[in-house]
Amino acid sequence: MSKGLFPEETRITLEIGKVMRKTICERIAVETDDIKPVWKQPRGSYGNNFWQMYSRKLGRDVHFYSSLERDHGIIVEADPNVVRFCEQPLRIRIKLDGRDRETVIDMLVHFTDGRTQFREVKYASAVESAEHDSRLTRQLTAQQEWAFVTANDYKIVTDHEIRQKPQFLRNWKQILSHLAPYASYDLAKIESDILAAFDERDSWPLGYLANNVSLRDQQAVKAAIFRLIHGGLCTAPLDLFPLTNSLIISRGTK
């Protein structure tokens with residue numbers, strides 16, 4: 001699918017021939033730069049399974065319906081190879097085994113190289129133990145068949161992949177939480193001062209940068225550092241060490 005094309009809704013049967021596949025994709029696709037979730041936040045309480053996260057990539061709050069989906073969102077937000085994404089981006093309707101099936105896919109990811117990928121987030125144990133006629137099996141089968149018919153890249157992402165680096169997840173939860181209150185702040189001058197510090201040496205402890213780079217308060221300086229890490233202009237071993245003042249910050253490759 002071309003970059004910038006997004007299928008809003010699909011109604012297909014699996015009997016559609018391969019010759020028709022490209023025509024169908026083009027007919028159901030509309031060009032848009034503002035993809036929005038199709039599943040709106042429910043009114044009232046959603047129990048303990050409703051999670052919210054501020055995305056600097058999107059400039060808005062992102063909503064998830066399980067802690068695993070939230071953790072996946074953090075991984076995607078932190079990935080420098082991802083330019084943007086959308087949670088709950090698409091409701092598909094497809095005829096499977098003679099019956100109409102409807103399902104909402106968890107995420108659409110746009111990569112910097114122009115690729116797009118639809119993702120469904122599940123616990124590996126649930127997928128492995130699902131019975132042939134279970135609701136989960138029907139859901140995943142419908143999504144996989146839809147992806148095949150419409151020639152979309154599709155992936156089931158499990159907790160084994162999402163939570164394989166717990167320290168990385170913990171650190172990025174802190175970083176995104178710290179960045180949220182500074183969403184509308186102009187930190188460009190502080191960011192420039194931080195980058196200039198790397199002209200003197202290749203790396204600095206986080207605490208030193210926060211205390212010495214700018215006259216602004218430490219929390220604002222840390223927010224600027226985290227923005228630079230988020231944008232790939234600075235790096236840190238976030239998968240290995242906790243987010244403390246002794247964490248070493250280096251100049252990035254971007």
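Read the figures in this text as sums done on the coordinates, not as results from a lab. None of the values given here were measured: they were computed from a predicted structure. Note that each Cβ is placed from the backbone with ideal geometry, even for glycine, and that neighbours are counted across all protein chains shown.
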On full extension of the chain, what length is gained from Asn211 through Gln174, given 0.36 nm per residue of separation minus the C-alpha to C-alpha distance? 11.4 nm
So, in Å, what gap is there between the alpha-carbon centers of region 220-254 and region 120-136? 37 Å
Kirkwood Rh over Cα pairs of region 166-251 into Stokes-Einstein at 4 °C, 1.567 mPa s: D in µm²/s? 102 µm²/s
Compactness relative to 2.2 N^0.38 Å, alpha carbon Rg of region 106-254: 1.39
Local net charge near Leu136, Cβ-Cβ under 14 Å (Lys/Arg +1, Asp/Glu -1): -1
For Arg135 and Asp61 in one chain, what is 0.36 nm times their gap in residues minus the Cα-Cα distance, to one decimal in nm? 23.7 nm
Which order do the peptides 162-168, 228-234 take when ranked by the mean count of other beta-carbon atoms within 10 Å per residue, highest first? 228-234, 162-168
